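Heads up: the structure comes next, in structure tokens.
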Amino acid sequence: RPAQALRLWHDIALDLVQDQKPDLSSRQIAILLTVYLEPPPHTVRGLAQKLGVTKPVITRALDTLGKMKLTTRRRDDADRRNGIIQRTVAGALFVEQLGDLMVGKARDLPR
């Protein structure tokens, strides 16, 4: 139900803030989850098209995710104009912990 979905979103956001986990925007989370849940390769151009935003918007978000070591970027050897976004161990761990958090919080919701 919508109220339960909103409660779940609230509880997860609250837990992320209280546990000093990376403070990601909705856009950054959307990019991160796209990179980790959808098959690669991922490019700045492809992510911009998927999210309906400009390439600079994706670049800024990836800069932040890179500083947090949740993603990395490298040049595409086949087309040097493209940047390939890669997963990291830290990013995979963060996404896994986020999934575990969601499952736990969903179980705690009143039925």
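With the simple model of a label 7 Å out from the Cα in the direction of the Cβ, residue 93 to residue 1 spans 3.9 nm. Amide H contacts for residue 43 (H built 1.01 Å from N in the peptide plane; partners 5 or more residues away or on another chain; cut-off under 5 Å): 85.
Kyte-Doolittle mean at least -1.0 and Cα extent at least 27 Å along the axis: which DSSP H helices of the chain qualify?
Values: long enough: 89-108 (29 Å, 0.53).
For the chain, where a helix must reach 27 Å along its axis and average at least -1.0, the hits are 89-108.
Measure up 69/105; 67/105; 21/67 against 19 Å on the Cα-Cα distance and list the ones that go over. Could the numbers behind the result be given before it?
Details: 69/105 26 Å; 67/105 28 Å; 21/67 14 Å.
Over 19 Å Cα-Cα: 69/105; 67/105.
So, counting K/R as plus one and D/E as minus one, what does the shell of residues with Cβ under 12 Å around residue 71 add up to? Provide the component values of the computation, followed by the final result.
On the way: positive: 67, 69, 73, 74, 87; negative: 63.
Around residue 71, the surrounding residues sum to +4.
Between 81, 27, 73, find the one with the highest GNM mean-square fluctuation for the chain; connect C-alpha pairs within less than 10 Å. So, out of 81, 27, 73, the one fluctuating most is 81. Computed with a 1.4 Å probe over protein heavy atoms only, the accessible surface of the chain comes to 67 Å² per residue.
The values are calculated or read from the model by the stated rules, or taken from the named source; none is laboratory data. Since the model is a prediction, treat every value here as computed from it, not as a measurement. Neighbour counts are summed over all protein chains in view; Cβ atoms, including those assigned to glycine, are modelled from backbone coordinates with ideal geometry. Surface accessibility is based on the protein's heavy atoms, side chains included, excluding ligands, DNA and RNA. Shrake-Rupley method; radii C 1.70, N 1.55, O 1.52, S 1.80 Å.
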